[in-house]
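Q: Would you mind keeping the following structure in view while I ask a few things?
The values are calculated or read from the model by the stated rules, or taken from the named source; none is laboratory data. In this text the structure is predicted, and so the values were computed from the model without any measurement. When we count neighbours, we look across all protein chains shown, and the Cβ atoms used for this are built from the backbone with ideal geometry, even at glycine. Note: accessible area is taken over every heavy atom of the protein model, side chains too, but ligands, DNA and RNA are not part of it. Shrake-Rupley method; radii C 1.70, N 1.55, O 1.52, S 1.80 Å.
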Amino acid sequence: MTAGRYRVTVTTGGQPLIQGWWGSEVIARRKFTAWVGEHGDRPGAHVTLVDEETGETLTEWPERP
């Protein structure tokens, strides 16, 4: 099984806590939202959604200025 194109990562204190890969951007965005809700209250939490094919960060929480 190969990893999907879209990667969601939750980090705390700059270290990865959890990652997942999905082939569908729609599903990855749902997981992004779910993980913000599940892990967003952790100290220093940061959640990103990256398109692994292009290297582009599609969204992140909290948003950086």
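Q: Counting just the residues of segment 43-65 that are in contact (Cβ under 8 Å) with a residue 12 or more places away in the chain and of a type in the set (Ser, Thr, Tyr), which one comes out least open to solvent (accessible area, probe 1.4 Å)?
A: Top of the filtered list is Thr48.
Q: Let me ask you something else. Going through segment 1-24 one residue at a time, which ones are surrounded by fewer than 11 Cβ atoms within 10 Å (Cβ to Cβ), in contact with a strand residue (DSSP E or B) (Cβ under 9 Å, 6 or more places away or on another chain) and assigned to a strand (DSSP E or B)?
A: Pro16
Q: Also: Hey, Gly40 hits all of (1) touching a residue at least 24 places away in the same chain (Cβ under 8 Å); (2) open to solvent by less than 30 Å² (accessible area, probe 1.4 Å) but one; which does it fall short on?
A: (1)
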